[in-house]
Amino acid sequence: MHFMVSLMGPPFPTLINTHMKNKHQVSVEEVSISENGEELSGVVYNARIRESCRVGDVDKAMKLLAQMEALGFSLSLGSYTTVIEALGSVGRTLEAEAIFREMVHLGLKLDLRVYNVMLRSCLRKGLLELADKVLAEMDALGIGRNRATYEALVDYYGRAGRLNDVWAVIGEMSRDGFGPDSFVYSKVIGVYRDNGMWKKAMEIVREIREMGVSLDKRIYNSIIDTFGKCGELSEALEVFEKMQEEGVKPDIMTWNSLIQWHCKAGDVGKALELFSKMQEEGLYPDPKIFITIISRLGEQGKWDVIKRNFENMKCRGHQRSGAIYAILVDIYGQYGRFQGPEECISALKSEGIQPSASMFCVLANAYAQQGLCEQTVKVLQLMETEGIEPNLIMLNMLINAFGIAGRHLEALSVYHHIKDTGISPDVVTYSTLMKACIRARKFDKVPEIYEEMESAGCTPDRKAREMLQTALLVLQQRHCKYYFGCISMV
């Protein structure tokens with residue numbers, strides 16, 4: 001997929017790409033040649049495909065797979081499973097399902113692990129209808145569900161804010177002899193928290209303690225995040241201290257949560273203190289937290305504080321973090337060293353840092369959050385130049401950038417491009433598109449997008465449902481105004 005940009009022309013950049021099905025086709029001349037000019041064996045191909053998946057190079061794995069098939073070699077069951085898992089992790093669910101169906105067609109004996117991998121891939125994209133088919137096949141074949149199966153369902157329903165479904169799955173788990181564990185409890189706490197029912201969340205915590213279940217990192221993180229979201233920061237810090245007293249070491253999620261909620265509450269001083277302590281603990285700072293801190297300090301005009309923290313990071317040896325931190329600050333328009341994404345990427349390389357897909361995502365998101373569409377598109381172009389193909393996350397960011405800029409037609413064009421290239425839009429795609437239409441006051445488009453989301457098998461989350469209600473209310477008010485306007489004219 002190549003981003004050939006003409007933002008002054010059509011609503012969205014002209015995108016010249018090869019269809020997903022043809023993307024990894026190779027000629028016979030290309031196949032089976034190793035570094036020594038020798039033909040590779042099926043065993044070597046399987047090993048290289050698994051290694052490519054392990055390091056996240058899915059495109060290379062798919063090219064090797066095409067080469068294997070051209071030579072008449074077959075993937076092993078383990079390699080098939082690894083490829084499906086890798087494709088699912090980057091949102092390429094349709095390709096994952098095609099390989100899954102190929103396994104069935106070949107008569108391979110699929111075990112529970114393969115079905116769980118496919119189930120997680122479907123649920124990660126919000127494709128509940130496809131996930132239901134996987135579960136139905138498991139039932140038809142007499143393959144029983146295990147804890148991993150139930151936890152995948154709990155995770156999905158939890159992220160979608162569907163509390164009743166979460167409890168239904170927990171009930172089914174218990175009947176099958178799988179009692180709720182820390183993962184399940186942390187998800188329940190999170191659902192209550194995200195629905196504003198933080199007292200209910202705290203009741204769950206009390207129940208856990210009464211049952212004698214030890215609180216692990218996941219549960220502590222859920223409790224801290226719940227208190228933070230409700231503005232009970234002193235309680236969040238108390239739990240943080242208790243966590244350490246119990247010998248549970250805070251991870252990056254713990255620190256991120258505390259820093260984020262202190263920033264949102266306006267207590268930047270405490271956020272910076274936590275940010276400093278996190279580094280003292282030897283943890284690598286998350287660029288997402290940089291953006292939170294930078295934006296809050298920027299609002300207060302404290303650019304000297306930002307610069308001082310940047311220098312402290314470099315002194316602590318976080319050279320890689322420091323370079324990204326400086327660039328993010330610059331994107332927010334304060335240092336003026338870099339004129340655009342090209343200069344940002346060059347600066348990273350000059351520090352000896354090879355930009356990764358996640359770094360490109362951070363840069364694209366920083367531009368997108370400000371509605372800087374041209375710069376966001378440029379990041380995607382640079383990403384392709386580095387041989388990294390933009391994924392659904394990046395395209396969702398581009399929709400967001402156009403939405404913030406009030407350019408809903410371009411946002412819609414990105415959405416149509418996603419579908420045309422065979423990528424499955426996820427819940428984030430649809431929700432971001434709905435938000436773009438609301439910003440542009442195109443409320444009539446929102447119910448259409450919501451209906452497409454349901455038709456695609458994606459289950460709307462709480463935010464999507466709230467946006468739909470907002471749009472329907474506005475449309476109803478418009479209809480009433482039009483009706484009474486017509487009466488007054490008669």
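Counting only helices (runs of 4 or more DSSP H) wholly contained in region 338-390, the ones carrying 2 or more residues that are modelled with pLDDT under 75 occupy 341-350, 357-368. Apart from one condition, M211 fits all of (1) touching a Phe, Trp or Tyr at 6+ places or on another chain (Cβ under 8 Å); (2) within 24 Å of S186 (Cα to Cα); (3) modelled with pLDDT under 85; the exception is (1). Only one entry of G144, G177, G161 meets the criterion of being out of contact with any helix residue (DSSP H, G or I) (no Cβ under 8 Å at 6 or more places or on another chain) and outside any helix (DSSP H, G or I), and that entry is G177.
Out of the residues in region 425-449 meeting the condition of being of a type outside the set (K, R) and more than 24 Å from N391 (Cβ to Cβ), tell me which one is surrounded by the most Cβ atoms within 10 Å (Cβ to Cβ). The extreme case among them is V446. Only one of the numbered conditions (1) among the acidic types (D, E); (2) without any contact (Cβ under 8 Å) to a residue 12 or more places away in the chain; (3) over 19 Å from A471 (Cβ atoms) is violated by E454, and that is (3). Here C344 passes the criteria (1) in contact with a helix residue (DSSP H, G or I) (Cβ under 7 Å, 6 or more places away or on another chain); (2) touching a residue at least 24 places away in the same chain (Cβ under 8 Å); (3) more than 25 Å from L94 (Cβ to Cβ) except the one numbered (2). Residues in region 199-236 that are among the hydrophobic types (A, V, I, L, M, F, W, C) and in a helix (DSSP H, G or I): A201, M202, I204, V205, I208, I219, I223, I224, F227, L233, A236. Do we find that V239 is assigned to a helix (DSSP H, G or I), of a type in the set (A, V, I, L, M) and at pLDDT 85 or above in this structure? So V239 fits the description; yes.
Scanning region 401-428 for residues that are over 17 Å from M453 (Cα atoms) and not acidic (D, E) yields A401, F402, G403, I404, A405, G406, R407, H408, L409, T421. State whether one or more residues within region 199-216 are under 25 Å from the mean Cα position of the chain (by Cα), over 21 Å from T292 (Cβ atoms) and buried (at least 21 other Cβ atoms within 10 Å of the Cβ). Checking region 199-216: at least one residue is under 25 Å from the mean Cα position of the chain (by Cα), over 21 Å from T292 (Cβ atoms) and buried (at least 21 other Cβ atoms within 10 Å of the Cβ). A search for C-beta distances below 6 Å between a residue of region 73-90 that is closer than 17 Å to D426 by Cα and any residue that is crowded, with 18+ Cβ neighbours inside 10 Å and of a type in the set (G, A, S), counting only pairs 6+ apart in sequence or on different chains, returns L87/A96; G88/A96; G88/S121.
So that you can scan it fast, the table gives a plain yes or no per residue for (1) within 24 Å of K445 (Cβ to Cβ); (2) of a type in the set (A, V, I, L, M); (3) crowded, with 21+ Cβ neighbours inside 10 Å; (4) under 20 Å from the mean Cα position of the chain (by Cα):
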position	(1), (2), (3), (4)
P341	no, no, yes, no
C344	no, no, yes, no
K349	no, no, no, no
A357	no, yes, no, yes
A368	yes, yes, yes, yes
Q381	no, no, no, no
E384	no, no, no, yes
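The values are calculated or read from the model by the stated rules, or taken from the named source; none is laboratory data. In this text, all values refer to a predicted model and were calculated from it rather than measured experimentally. Quick reminder, even Gly has a Cβ in these numbers, built from the backbone with ideal geometry, and neighbours come from all protein chains shown.
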